[in-house]
Amino acid sequence: MFLPRHGLPPWIVKLVFLLVSITSLLFILDLDKLPKISEYSQEYLAIQSGYSSGLSNDLKHLLESDEKKEKYFLLIAIPTMPSHFTQRAAIRATWRNVSRWSALRQEEEHFKRIKLMFLFGKTQFGETSEEFQEELRNNDDMYIIDGLQEGRLVLKYKVLWALKQSLSFDYDYFIKTDDDIFVNLPLMTMSLMTSPRQRFYTGSCMHVYGGFGGYPHWRYCSGGGYVLSRDVVIEIHKLPEQVHQVKFRPEDAYTGWLVNRLNTLTEYKVKVFTQGLLKVGPYKCGPFTHHWFYHHVRSGKMETFFQNIDRNVYMECTDS
């Protein structure tokens with residue numbers, strides 16, 4: 001179910017969200033009765049390999065030496081495919097290139113420290129392509145997940161692997177986006193500089209999932225771009241094994257499910273900040289001030305997007 005930002009009276013939208021929240025609070029979830037994934041499926045193999053298990057044993061090791069870890073303000077995870085060379089190159093050359101942004105030049109160095117993680121599964125093409133191997137040699141932002149076969153059906157396990165591995169670094173915010181997204185990095189950075197550092201989950205969170213197969217309804221943020229504070233990532237990995245072994249596939253709904261389970265099953269409550277941060281095309285005018293993520297931007301358009309946004313990060317789009 002998708003609730004558009006415009007088109008429904010605000011009181012109806014608020015009423016629906018209130019009913020969903022009440023339903024989630026009143027719904028006593030029996031995890032053992034939820035549909036489980038097949039033990040012969042790719043999802044099961046991924047779980048057994050540790051992509052979505054409770055990870056409590058690994059967690060202690062990952063957290064015990066935070067002071068010695070590389071420190072970043074943002075850690076950005078991007079699931080991608082080996083063949084998407086031009087998208088990754090465009091990202092590195094445009095919005096990821098902090099030194100090119102005029103609006104960030106005067107900011108403190110900490111807020112300009114960004115860790116990028118391109119996420120891949122195992123694939124024959126990826127292992128044999130010389131172009132891909134050269135890209136691996138020339139960049140330190142590519143992560144191939146052993147034991148996970150490349151494909152769209154395992155997207156959520158790429159993200160969960162990134163959530164776990166992100167704890168190898170010290171950062172303030174975990175951000176998930178896609179390789180066809182252009183990120184308004186100065187606007188997002190400056191907004192997060194004054195945002196909560198704990199119990200924080202935000203994005204375009206106007207979506208609702210669930211209500212089938214014994215699942216309750218819950219809200220989630222669009223996979224085009226969402227943000228979690230690091231403490232939420234830690235708490236997600238403390239959840240029971242049954243919470244992770246669920247059958248539905250959408251990666252963004254899955255992340256929302258994990259946040260919902262924190263709020264329902266534990267004392268650790270996370271605030272969901274609903275913001276219209278994702279802009280979906282067609283793009284017939286300049287950037288909006290309140291959008292962090294622009295969807296369906298192909299590699300050939302990213303340089304144009306960068307130049308336009310860099311010149312007027314704070315200016316509203318017009319129809320002229």
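The values are calculated or read from the model by the stated rules, or taken from the named source; none is laboratory data. Treat the numbers as computed from the prediction; the structure is a model and nothing was measured. Cβ sites come from the backbone with ideal geometry, for glycine too, and all protein chains shown count toward neighbours. Protein only, heavy atoms only, side chains kept; ligands, DNA and RNA dropped before computing areas. Shrake-Rupley method; radii C 1.70, N 1.55, O 1.52, S 1.80 Å.
Brief remarks on what is shown
- By a 1.4 Å probe calculation restricted to protein chains, Asp179 has an accessible surface near 20 Å², given to the nearest 10.
- Entries in Lys69/Lys115; Lys69/Lys164; Lys164/Lys279; Lys71/Lys112; Lys156/Lys176 that, when Cα-Cα distance is taken, lie over 18 Å: Lys164/Lys279
- For segment 185-312: rounded, prolate or oblate by the Cα gyration tensor [a/c cutoff 1.5]: prolate
- Note, ³J(HN,Hα) from phi for segment 232-238, Karplus 6.51, -1.76, 1.60, rounded to Hz, x at Gly and Pro: 5, 4, 4, 5, 4, 7, 8
- HN-Hα J in Hz across segment 244-259 - Karplus 6.51, -1.76, 1.60, θ = phi - 60°, x for Gly and Pro: 7, 8, 10, 8, 6, 9, x, 5, 5, 5, 5, 4, x, 4, 5, 5
- Calculated FRET efficiency for the pair Glu241/Asp141, C-beta based, R₀ 30 Å, to 0.05: 0.45
- Ranked order, Lys68, Lys112 - accessible area, probe 1.4 Å, largest first: Lys68, Lys112
- Whole-percent carbon and sulfur share, accessible surface of segment 204-243, 1.4 Å: 54 percent
- These residues, His296, His237, His290, go from largest to smallest accessible area, 1.4 Å probe, as His296, His290, His237.
- Site pair Glu303 and Glu134 shows an inter-label distance of 1.9 nm when each label is modelled 7 Å from Cα along Cα→Cβ.
- Residues of segment 206-253: accessible area per residue with a 1.4 Å probe, Å²: 29 Å²
- Residues Phe212 and Lys68, FRET efficiency given R0 of 30 Å [Cβ-Cβ distance, rounded to 0.05]: 0.05
- Rolling a 1.4 Å probe over the protein chains gives Ser204 an accessible area of about 10 Å².
- With all protein chains modelled, accessible area of Lys158 [1.4 Å, Å²]: 10 Å²
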